[in-house]
Amino acid sequence: MTELLEALGLAKSAELLSLSPPGWGRNLLRGLAHSLQIALGAYALGLVIGLFGAYGKLYGGKVTRDLLAIYTTVIRAVPELVLILILYYVGTDLINKASSAMGGGRVEISGVGAGIWVLGIVQGAYATEILRGAIQAVPPGQIEAAKAYGMPAVMTMRRVTIPAMMSFAVPGLANLWLIATKDTALLAVVGFNELTLETRQAASSTRSYFTFFLAAGALYLMVTLLSGRIFGWIETWARRGQPSLKGGRM
Amino acid sequence: MGPARPTLAQGGADVIDLKALFQPHRIVMMLVFAGVALWCALSLRWDWIPEYLPLALQGIWTTLWLMVASLVLGFLLAVPLGLAQAVGPWYLAAPARAFCTVIRGTPLLLQLWLLYYGLGSLFPQFPWIRSSELWPYLRQAWPYALLALTLSYAGYEGEVMRGAFKGVAKGQLEAAKAYGMPRLTLFRRIWLPQAIRNVLPTLGGETVLQLKATPLVATITVVDIYAVSSRVRSDTFIVYEPLILLAVFYILVAGIIALAFHWLEVRVLGSGQPVRITANTR
């Protein structure tokens with residue numbers, strides 16, 4: 001193994017990327033873990049917001065619908081970087097105000113919490129649109145039948161609407177997850193130690209930019225490809241019992 | 001068939017219907033909004049604007065030309081990328097697919113920093129580059145910003161154009177061949193126009209996404225409008241006012257792009273052609 005790396009001229013890169021110091025591999029993996037943690041949290045928060053948002057847009061009153069339209073339009077028109085800054089400052093201000101109102105001092109906000117809050121709100125806007133489209137694609141007869149049986153609204157949602165819309169929502173939600181993983185990189189700009197910032201620190205202190213940026217790119221790509229595979233399984237599972245698309249196309 | 005009413009994939013940008021706008025609850029909401037805007041104008045600090053206006057205008061110009069240039073160059077790259085993936089032989093299709101996968105699978109910020117810091121630290125080691133006429137440009141940041149934005153747009157659009165080229169009905173191409181059209185004319189007159197028209201709504205959404213990608217260039221010292229707002233914040237410690245103006249600027253430009261594509265769609269697709277709307281979120 002060592003001779004092979006030597007022969008390829010990669011010995012120095014391997015040493016830089018090794019897990020034990022002086023290698024920076026452990027830092028990169030820690031960054032990746034932070035990135036995934038935030039992406040998962042933001043994705044979950046986004047799904048919750050999206051579900052409420054979609055129901056509000058479809059069944060809410062006039063004012064709810066208009067407010068949600070403003071939310072989704074504004075979030076999707078403003079760059080994520082700007083939203084991150086705005087939401088970050090608003091969030092820290094609100095928490096500090098609340099804390100001083102209750103007689104506490106300044107609160108230190110954890111980077112992970114701030115990242116989840118900021119990206120979750122952004123994800124919520126996209127999730128609202130995806131889930132709204134998916135719910136609309138469910139044949140209305142199915143939901144009406146559930147109502148006719150006297151099912152309460154929440155039970156209808158849990159037993160009929162959500163399982164029936166899953167197959168329509170999964171491709172969009174898979175896309176959204178990829179956006180979540182890539183958007184965590186933007187938190188580097190506000191100084192949060194996720195993968196991209198860890199990479200930059202490693203790169204600028206060792207001056208070997210290509211090694212580290214390519215390694216980080218490989219890590220992101222691995223996450224992307226692996227997620228694609230997992231969402232493929234989820235889609236197969238969500239489509240279970242439905243007629244195969246393959247037969248229809250042929 | 002009546003004229004189709006295309007909607008933008010990016011959503012919600014229908015032609016404004018005045019009757020719908022003046023429902024009672026909307027009038028109340030508009031009044032509330034006007035009140036908030038008035039409160040912002042009166043009680044927030046705007047005295048920094050005159051000092052930073054020239055810089056802001058320069059920043060707006062930088063943002064817009066970076067966006068337009070990367071759109072044009074990226075699209076020129078995306079056409080061969082899409083074509084290679086749709087109908088190319090494997091030795092062209094495989095690299096094109098790999099390129100699109102890598103670009104779409106990694107964050108743009110990482111690509112930008114790889115090009116700027118990586119190439120930027122590599123070039124000075126070669127004396128012939130330092131003595132070349134390109135060196136004054138390579139020492140600045142904007143060529144790297146433009147390159148990264150172009151490659152990113154090409155990667156996403158290559159994937160879109162692959163579907164677009166495949167989606168053109170075979171009969172159309174066969175008919176053109178039967179007329180004895182040379183291959184280049186066929187591509188120029190039949191294949192490309194139909195492919196673009198199929199994905200026009202998607203392209204509108206992607207253009208807005210490209211606008212939203214431009215502030216990243218501020219991280220490699222290009223002074224776009226986002227960088228100007230950051231400078232105001234760090235110089236004067238005024239946090240919200242520049243950010244609000246920045247958000248308004250991006251909303252306005254995104255709105256103009258949406259309207260322009262809406263107009264284009266009505267013109268191009270207005271003859272009752274079915275519009276294919278692809279979900280597109282990056």
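Name every residue in segment B:37-58 that is surrounded by 13 or more Cβ atoms within 10 Å (Cβ to Cβ) and over 16 Å from residue B:244 (Cα atoms), in order of residue number.
Within segment B:37-58, B:55, B:58 meet the criteria.
With the requirement that a residue be more than 7 Å from chain B (Cβ to nearest Cβ) and basic (Lys, Arg), what does segment A:61-75 give you?
Within segment A:61-75, A:65 is the sole residue that qualifies.
Please enumerate the residues belonging to segment B:105-134 that are small (Gly, Ala, Ser) and either assigned to a helix (DSSP H, G or I) or closer than 28 Å to residue B:156 by Cα (or both).
The answer is B:105, B:118, B:120, B:121.
Across segment B:15-45, what is the number of residues that are aromatic (Phe, Trp, Tyr) and at pLDDT 85 or above?
If we filter segment B:15-45 for residues that are aromatic (Phe, Trp, Tyr), which is where we start, we get B:22, B:33, B:39.
Applying the additional criterion that residues be at pLDDT 85 or above yields B:33, B:39.
Of the residues in segment B:15-45, 2 are aromatic (Phe, Trp, Tyr) and at pLDDT 85 or above.
Quick one: which residue in A:130, A:135 is modelled with pLDDT of 90 or more, surrounded by 18 or more Cβ atoms within 10 Å (Cβ to Cβ) and farther than 30 Å from residue B:108 by Cβ?
A:135
With the requirement that a residue be more than 7 Å from chain B (Cβ to nearest Cβ) and not small (Gly, Ala, Ser), what does segment A:81-92 give you?
If the condition is that a residue be more than 7 Å from chain B (Cβ to nearest Cβ) and not small (Gly, Ala, Ser), then A:83, A:84, A:87, A:88, A:90, A:92 are the ones that fit.
Among the helices (runs of 4 or more DSSP H) confined wholly to segment B:146-223, which include 2 or more residues that are modelled with pLDDT of 90 or more, polar (S, T, N, Q) and within 16 Å of the chain's Cα centre (by Cα)?
Details: elements: B:170-178, B:183-186, B:192-198, B:200-213.
So the answer is B:200-213.
Yes or no, residue by residue, for (1) closer than 30 Å to residue A:221 by Cα; (2) surrounded by fewer than 20 Cβ atoms within 10 Å (Cβ to Cβ); (3) free of Cβ contacts under 8 Å to residues at least 24 places away in the same chain:
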| residue | (1), (2), (3) |
| --- | --- |
| B:110 | yes, no, yes |
| B:128 | no, yes, yes |
| B:141 | yes, yes, no |
| B:173 | no, yes, yes |
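Wholly within segment A:148-223, which helices (runs of 4 or more DSSP H) include no fewer than the required count, namely at least 2 residues that are of a type in the set (A, V, I, L, M, F, W, C) and more than 11 Å from chain B (Cβ to nearest Cβ)? Full working, then the answer.
Values: elements: A:153-156, A:162-183, A:195-206.
The qualifying helices (runs of 4 or more DSSP H) are A:153-156, A:162-183.
Under 19 Å from the mean Cα position of the chain (by Cα) and at pLDDT below 90: which single residue out of A:189, A:223, A:154 fits that description?
Working: A:223 fails: at pLDDT below 90; A:154 fails: under 19 Å from the mean Cα position of the chain (by Cα).
None of the other options fit; the residue is A:189.
Picking from B:82, B:88, which residue would you name as being more than 12 Å from chain A (Cβ to nearest Cβ), buried (at least 17 other Cβ atoms within 10 Å of the Cβ) and out of contact with any helix residue (DSSP H, G or I) (no Cβ under 6 Å at 6 or more places or on another chain)?
B:88
Pick from B:199, B:208, B:223, B:232: which is surrounded by 22 or more Cβ atoms within 10 Å (Cβ to Cβ), away from chain A (no Cβ under 12 Å) and within 30 Å of residue B:41 (Cβ to Cβ)?
B:232
The values are calculated or read from the model by the stated rules, or taken from the named source; none is laboratory data. As the structure is a computational prediction, the values presented were derived from the model and not from experiment. So basically every Cβ, Gly included, is an ideal-geometry build from the backbone, and we count neighbours across all protein chains shown.
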